[in-house]
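The values are calculated or read from the model by the stated rules, or taken from the named source; none is laboratory data. These numbers come from a predicted model, not from an experiment. All Cβ positions, glycine included, derive from the backbone under ideal geometry; neighbour counts span all protein chains shown.
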Amino acid sequence: MNTSLNTREKRFIAVAAAIALVFGFTPVASAMHIMEGYLPVGFSVAWGVICIPFLIAGYMSIKKTLKENPKTITLLAMAGAYVFVLSSLKIPSVTGSCSHMTGTGLGAILFGPTAVSILGVIVLLFQAILLAHGGLTTLGANTFSMAIAGPFVTFGIFILCKKIKINKHVGVFLAAAIGDLFTYCVTAFQLAMAYPSESGGVAASMVKFLAVFAPTQIPLAIIEGILTVVIIIGLETYAQPELNDLGYLAGGVK
Amino acid sequence: MTATKKTVIGLLVLAVIIALVPLFILQNAEFGGSDDAGSGVVSEITGTEYEPWFTPIFETAINGEIPGEVESLFFCVQTGIGVGIIAFIMGRFVERKKKEDEPNKADGSKRAKK
């Protein structure tokens, strides 16, 4: 395989990181998905196993929603398509590197967090198989961060905003943006668990990974929040029957 | 133009600005492929160069890395699938709403006359 290129790339990254540090920038690095083969076997299996109950719950949840309200399948397809689009757009960020969004916020808000796990897995499989982006061995870990942890946070924040009667669109924005950011925090945690630093253990390692991911992702999280609000406005205007079926409009504060 | 339309356009413009501003500010930055770079930190922490124990099956199948142009093709396919579905469904919603509104509008005007 192209090991020479890999070494060259790695050396380049190392040099770039050094230069970036000198100039007070965060290193040119950020990772949405953990790369193929980069988690030890034990971790790969463990994260995979952790995901299974969520995926089963997601399947049941989708089945139940569609049985009760067959018409909402259009919105489900749309939420899935939204993940497809957003996770394929690589966007330049203030740190001088590119990253992409998750797009899982919309599905979590409309269908609940477990349902999104199914949509997320589809996208992650597509990227792992065709794009060599993420990976099959790290599928479990990536599913957990992008399709489970992120959506749960999104959903929680959305419900919280509803409870404390913040403007609905502000709630959607916060939920989607923070969920996106949290996905990266989980990725950092997963990498830190697998690669604890010798001096400071998991915590020190986590800080290191976070310092690399978070600054890149913040502007993207804001964009994701904005886009999710836009699509929600669109749906509120044109798809009220379906949103009613899903209970999105019920008891909402607008 | 309605207030909603203005909000939507404003938000979209804002999103584009946030996305493009780094390109103009950091003129010499690489904006390199991000996802692969996590490996750099792994090497930094472990102190040795990490050898992934598994290579992506597509790369194994073609015995090399996916060429950049082909990778962008797949990314575009992914975007295309997503946009296609969203546009199709949204289009149906818009037309449905239009049809639903037509009789309502008629009713509304009648009621207003009364």
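Summary of computed values
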quantity: Failed item, numbered, when A:CYS98 is tested on (1) over 11 Å from the mean Cα position of the chain (by Cα); (2) modelled with pLDDT of 90 or more; calculated: (2)
quantity: Tally of residues being over 14 Å from the mean Cα position of the chain (by Cα) and either crowded, with 17+ Cβ neighbours inside 10 Å or not in a helix (DSSP H, G or I) (or both) across segment A:190-215; calculated: 17
quantity: Neighbours by Cβ (under 9 Å, 6+ apart or cross-chain): first from segment A:159-173, loosely packed, with under 12 Cβ neighbours inside 10 Å; second assigned to a loop (DSSP other than H, G, I, E, B) and not polar (S, T, N, Q); calculated: A:LYS165/A:VAL253; A:ASN167/A:VAL253; A:ASN167/A:LYS254
quantity: Failed criterion for A:SER88 (all others in (1) under 27 Å from A:VAL41 (Cα atoms); (2) part of a loop (DSSP other than H, G, I, E, B) hold); calculated: (1)
quantity: Subset of segment A:156-178 (residues that are more than 17 Å from A:VAL230 (Cα to Cα), in a helix (DSSP H, G or I) and not basic (Lys, Arg)); calculated: A:GLY156, A:ILE157, A:ILE159, A:LEU160, A:CYS161
quantity: Tally of residues being within 7 Å of another protein chain (Cβ to nearest Cβ), β-branched (Val, Ile, Thr) and farther than 23 Å from A:MET101 by Cβ across segment B:43-101; calculated: 5
quantity: Residue within segment A:230-248 that is more than 13 Å from every other protein chain (Cβ to nearest Cβ), touching a residue at least 60 places away in the same chain (Cβ under 8 Å) and not aliphatic (A, V, I, L, M) present; calculated: yes
quantity: A:PHE182, sole failed condition from (1) in contact with an Asp or Glu (Cβ under 9 Å, 6 or more places away or on another chain); (2) under 30 Å from B:VAL42 (Cβ atoms); calculated: (1)
quantity: Scan of segment A:189-200 for residues that are more than 9 Å from every other protein chain (Cβ to nearest Cβ) and either touching a residue at least 24 places away in the same chain (Cβ under 8 Å) or closer than 18 Å to B:TYR50 by Cα (or both), ordered by number; calculated: A:GLN190, A:MET193
quantity: Options B:PHE58, B:PHE74; residue that is in a helix (DSSP H, G or I), closer than 22 Å to A:PRO92 by Cα and modelled with pLDDT of 70 or more; calculated: B:PHE74
quantity: Condition met for A:ILE73 (more than 24 Å from A:ALA177 (Cα to Cα) and in contact with a helix residue (DSSP H, G or I) (Cβ under 7 Å, 6 or more places away or on another chain)); calculated: yes
